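Reading through the structure tokens given below for one structure.
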Amino acid sequence: MAANPALYGFTAEYRGEARAYDGFDEYLRVEFPRRHSGWEPRFGEADTFDEAKNRHDYTFLISGDVAGAESQADAESRVAQLIEELARGFKASRPDIKEILPVPITKVWRWRR
């Protein structure tokens with residue numbers, strides 16, 4: 001029997017300097033499945049050049065399903081908890097990092113059914 005697909009999805013967009021994310025992708029590869037089975041996250045990074053500001057803008061993006069959420073409020077609460085946990089866990093795994101992860105821009109939505 002196939003598992004029911006998640007009702008809600010999310011994105012978390014972290015913007016800032018690339019050095020703030022050194023090792024973040026490896027942390028997510030190892031820790032995310034162990035702590036949040038069923039969420040099936042996807043993550044990656046992008047670097048774009050802003051000509052008006054003459055600088056590179058860096059973005060780290062996580063997206064996926066919100067496993068087990070039954071309402072919009074429940075999904076938003078689970079994502080907020082996830083973001084908080086990721087920041088704490090990453091900081092604990094890398095005490096040499098002086099900067100903390102910035103608060104991401106998050107979006108939570110219901111998949112169409």
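The values are calculated or read from the model by the stated rules, or taken from the named source; none is laboratory data. Quick caveat: nothing in here was measured; it's all calculated off a predicted structure. In this analysis, Cβ positions are derived from the backbone assuming ideal geometry, glycine residues included, and neighbour counts consider all displayed protein chains. Side chains included, ligands, DNA and RNA excluded: accessible areas come from the protein's heavy atoms. Shrake-Rupley method; radii C 1.70, N 1.55, O 1.52, S 1.80 Å.
Miscellaneous remarks
- Percent accessible area from carbon and sulfur atoms, the stretch 18-82, protein chains only, probe 1.4 Å: 46 percent
- Computed helical MRE - 222 nm, the chain, DSSP H runs ≥ 4 contributing -39500 (n - 2.57), nearest 500: -10000 deg cm²/dmol
- Mean Cβ count within 10 Å, highest first, over the residues of peptides 12-18, 47-53: 12-18, 47-53
- The simple Förster model, with R0 at 22 Å and r as the Cβ-Cβ distance, assigns Ala46 and Glu70 a FRET efficiency of 0.10.
- Between Glu26 and Lys91, the simple label model (points 7 Å from Cα in the Cβ direction) yields a spacing of 2.1 nm.
- The value obtained for the stretch 7-94, namely the Cα convex hull volume divided by the number of residues, is 101 Å³ per residue.
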